[in-house]
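One structure is given below, encoded as structure tokens.
The values are calculated or read from the model by the stated rules, or taken from the named source; none is laboratory data. This is a predicted model, so every value here is computed, not measured. Note: ideal-geometry Cβ built from the backbone for every residue, glycine included; neighbour counts use all protein chains shown. To get the accessible areas, we keep the full protein, side chains included, count just its heavy atoms, and leave off ligands, DNA and RNA. Shrake-Rupley method; radii C 1.70, N 1.55, O 1.52, S 1.80 Å.
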Amino acid sequence: MKWRLVAVVLVILAGIFLWLGNRGDTRIREVAANHGKSETDRNDAADIRPDNPPLRTKASYREEVSVLATHSPARLNDFILPDLEIHGDLRSALRQVLTVYEETCAKTGETPLPLKFDLPQGNGGMINIRLSAKNFSSSVKLLAALSGMKVSRDGVNYRLEPLADERREVKTEIRVPPDLASQLGEMAGTETNQSLAAILSALGLTLDPTTRVKASAGGIVSVETQRPADAAAIAALAREIGNEQPLQLKTITKTIEVPASAEWTLPDVGRLNDDQVQLMCRALAQKLGTDLLTMPSVLALSGQPSTIEIVRDLNWQETSGENKSQPVGVTLAIEGNFLGFGQEMDFHYSDTSGTVDGLTGTPDIKTNADIADTSFVSKGGTIFRVENRPDGSKRILLLKSTQIDATGRPVP
């Protein structure tokens, strides 16, 4: 009797496992790419989620979004990824972009979207590209174009399909940014004197033997080919690069010296909004002995180091007769990098003072403040740091960076 019961259980379990397996295959067929082929001939879609889970239908993904992300899919156009070195096929490249997206969300306090990509088998050749401060959507479109694919998005689901399959003669002129070859060459890491066709090949775009590409002065690229997909891919690359708006970071820094006699409770946060900064400055302005200094603003590209110096040279002579000099005063070294919906700021603030003893001629150099850190701050936020001294006095550092577009206006 017992062996019959065991047999029945095994049969039930086998049926469950068989049902689950068939269910997964059904989902693959439901989202597989179909380019005019029959149901049995269509290519299985390749799921490139980092953890490689079973494919989901669009309906199931809408349910999954109920675990709400902190941003909508439309805002992926503004979500900046850190620099990426990509060497692999399209599937591995997209997996890398997704992994970095999720890591950046964790670093910047965002909850990632449950993004998924569907693409047909045969993901093209090897892609070799360096993506620097690109937004998520642009990164995906650039990778797709290099693989001869076009991209569409429905909510959190991306679908990649070949740009074109037919063969016919095409002669076209594509208007491109004047520095297209320079930008693509930087992405590919190639010599600046190489032809556009050679740069495209280095990036991984496999052109048809019949394709001829010629860059002319004035931002025009002529393409002659028997494969229209080549012209479409070059146009897509040019479009994505042309759509990018050059952004800079404008950084304004304030320091506040707070004496030990000032009774004031420090905010227990690392970042403040504009209202909090104004309230704090007003409150401290009423304290006797408080000194506020606004340093000159800095405008720099993402990833470009900048330094502010308000210093003087302290000169003295050694007993050996050798003349010595050292700058003393305020210095601030800053490097901002666009990240997510804000920027990551690396900074080092230092304030020193010094005198030379009139009798001995020896220098007495004192460090009044030294604050260094790396911190992420979202748009509109201000980094807030405090250095407490043993005597109870404090030095406050307020550092605010604003993204500026090509017209000099703040990015909303």
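What to note about this one:
- Under 30 Å from Lys394, Cα to Cα: lysines that are on another chain or at least 8 residues apart: Lys107, Lys250, Lys254, Lys287, Lys366, Lys379
- Distance between modelled label sites at Ala300 and Arg130, nm, 7 Å Cα→Cβ extension: 1.9 nm
- Using the Cβ-Cβ distance between Asp291 and Glu166 with R0 set to 45 Å, the FRET efficiency from 1/(1 + (r/R0)^6) comes to roughly 0.05.
- Take Met187: with every protein chain present and a 1.4 Å probe, its accessible area is about 10 Å².
- At R0 = 30 Å, FRET efficiency that the Cβ-Cβ distance of Thr206 and Asp154 yields, to 0.05: 0.60
- Full-extension gain in nm, Glu244 to Asp370, via 0.36 nm per residue minus C-alpha separation: 41.6 nm
- Each peptide in 347-353, 300-306, 175-181 receives the mean, over its residues, of other Cβ atoms within 10 Å, and ordering these scores from highest gives 347-353, 175-181, 300-306.
- The range 252-316: C-alpha gyration tensor shape, a/c 1.5 cut-off, then a/b vs b/c: oblate
- Carbon plus sulfur fraction of accessible area for the range 339-389, probe 1.4 Å, in percent: 48 percent
- Point-to-point label distance, Ile404-Ser261, nm (Cα→Cβ direction, 7 Å offset): 4.0 nm
- Förster radius 22 Å - calculated FRET efficiency between Asn388 and Cys281, Cβ distance, rounded to 0.05: 0.70
- Principal axis extents of the C-alpha atoms in the range 300-412 (largest first, rounded to whole Å): 59, 35, 19.
- Taking other residues whose beta carbon is less than 14 angstrom from the beta carbon of Ile404, and scoring Lys, Arg as +1 and Asp, Glu as -1, yields +3.
- A straight chain from Ser222 to Asn315 at 0.36 nm per residue would run longer than the Cα-Cα distance by 27.1 nm.
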